[in-house]
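A.B. asks: The following block contains the structure, expressed as structure tokens.
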Amino acid sequence: MKILFATLLIALLSGCATVDTTPQIDRTYTAKGQSSRVKFLVLHYTVSDKPSSLKILTEQVVSAHYLLTDDAVPVVYGLVDETQQANHAGVSYWKGYTQLNASSIGIEIVNPGFTNGPDGRIWYPFPQAQIDRLIVLIKDIVARHHIPPENVVGHVDVAPIRKQDPGPMFPWIQLAQQGLVLWPDGAKVAAARPQYDLQLPDVTWFQQKLALIGYLVPLNGELDTPTRSVLAAFQMKYRPATIDGTPDAESAALLDALTAVVKKE
């Protein structure tokens, strides 16, 4: 009887033992054909001050991987780990990719954006200390994820109909000088300008050039609202003095020079 009881007790205890459910994965081999899931870096402005920005980006559905403050000594807050998806791009498109939240890192920059005055919109500049800190952050991110310059974009680039950030006051040229964004050669722009002053290309030409850069634009030959929005986004980045989305000789020369670089990539 004692032997039977002991046998039953051992069987019962064995059944209660913790089972190791950890997957046994052998990491001896590593595939050569792999890359970072991060393909794009998207820049935004917050349209609010630092406290409001922190509250919105940490307590609401919208989020970003990083928040860069406008303090005298700017601070970079890491709000979402780079391995996780942040909700910053929304409905978006760039170079054939859609819904860029899944394939991008988002940086929110504390900046009021704009206010509407009697003479139109008043846009707010970015402190130089803030831009200096941003450049350091971008260099680190693009190096680790091998993000090419043509994939460092603004929210307006990937969602031109509904977004304007980081706006025409954002100094893209400073990022270009550090090799962080694609930029047209000034000499090539100047050389191309005279022919477009004499005769401006048709709308289809502008649409095709914008699509080649990466924008989602209709290819219908019509100067419709989506086309104007995309052209305005391009102007905001490369020729912020006039951002009305109207095809003109300067925009054509910029597109000509820039797409010549894109073709070489």
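Every read-out reported here was derived from the displayed coordinates using simple, explicitly stated rules and does not represent laboratory data. All figures in this text were calculated on a predicted structure; none of them were measured in a lab. Don't worry about glycine lacking a Cβ; one is built from the backbone with ideal geometry, like all the others, and counts go over all protein chains shown.
A.B. asks: Set the bar at 31 Å for Cα to Cα. Now go through Lys163/Lys209; Lys32/Lys209; Lys139/Lys209; Lys55/Lys95; Lys139/Lys188; Lys50/Lys139 and name every pair that lies beyond it.
C.D. replies: Those over the limit are Lys32/Lys209; Lys55/Lys95.
A.B. asks: Pull out a ≥ b ≥ c, the square roots of the eigenvalues of the alpha-carbon gyration tensor of region 40-177, then state rounded if a/c is under 1.5, prolate if not and a/b is larger than b/c, and oblate in the remaining case. Let's see the in-between values first.
C.D. replies: Details: a/c = 1.28, a/b = 1.21, b/c = 1.05.
It comes out rounded by the Cα gyration axes.
A.B. asks: How would Thr46, Thr58, Thr22 line up from fewest to most surrounding beta-carbon atoms within 10 angstrom?
C.D. replies: If I rank by nearby Cβ atoms, fewest first, I get Thr22, Thr58, Thr46.
A.B. asks: Using each residue's phi in region 256-262, evaluate 6.51 cos²θ - 1.76 cosθ + 1.60 at θ = phi - 60° and report the 3J(HN,Hα) Karplus result to the nearest Hz, with x for Gly and Pro.
C.D. replies: 4, 5, 6, 5, 5, 6, 4
A.B. asks: Hey, another quick one. Between Asp197 and Asp119, take the C-beta separation as r, use R0 = 22 Å, and let me know the FRET efficiency to the nearest 0.05.
C.D. replies: 0.15
A.B. asks: Apply the Karplus parameterisation 6.51 cos²θ - 1.76 cosθ + 1.60, with θ equal to phi minus 60°, to every residue of region 194-200 and state each ³J(HN,Hα) to the nearest whole Hz, in sequence, with x for glycine and proline.
C.D. replies: x, 5, 7, 5, 6, 8, 7
A.B. asks: Among rounded, prolate and oblate, which fits region 109-164 when a ≥ b ≥ c are the square roots of the eigenvalues of its C-alpha gyration tensor, a/c under 1.5 means rounded, and a/b larger than b/c means prolate?
C.D. replies: Because a/c hits 1.5 or more and a/b fails to exceed b/c, region 109-164 counts as oblate.
A.B. asks: Enumerate by residue number the trypsin sites (Lys or Arg not before Pro) in region 103-170 meeting two conditions: DSSP loop (anything except H, G, I, E, B), and at most 14 other Cβ atoms within 10 Å of the site's Cβ.
C.D. replies: On the way: sites: Arg121, Arg133, Lys139, Arg144, Arg162, Lys163; in loops: Arg162, Lys163.
Those that pass, being in a loop and sparsely packed, are Arg162.
A.B. asks: Using Cα atoms only, what is the angle between the long axis of helix 225-238 and the major principal axis of the chain, expressed in degrees (0 to 90) to the nearest 10?
C.D. replies: Tilt relative to the chain: about 90 degrees.
A.B. asks: Name the chymotrypsin sites (Phe, Trp or Tyr not before Pro) in region 26-67 that are in a loop by DSSP and that have at most 12 other C-beta atoms within 10 Å, would you?
C.D. replies: Answer by residue number: Tyr29.
A.B. asks: Provide Val91, Val230, Val42 in ascending order of the number of other Cβ atoms located within 10 Å of each residue's Cβ, fewest first. List each step's numbers first, then the result.
C.D. replies: Working: Val91 13, Val230 24, Val42 29.
Placing the least packed residue first, the sequence is Val91, Val230, Val42.
A.B. asks: Sticking with this one: When the Karplus curve 6.51 cos²θ - 1.76 cosθ + 1.60 is applied with θ = phi - 60°, which whole-Hz ³J(HN,Hα) does each residue of region 21-32 get, with x for Gly and Pro?
C.D. replies: 9, 5, x, 8, 10, 8, 9, 4, 10, 10, 6, 6
A.B. asks: A further question on this structure: Need the list of aspartates and glutamates near Lys237 for cross-linking: C-alpha distance under 18 angstrom, and skip anything on the same chain fewer than eight residues off.
C.D. replies: Hits, sequence-local ones excluded: Glu108, Glu150, Asp157, Asp165, Asp185, Asp248, Glu250, Asp256.
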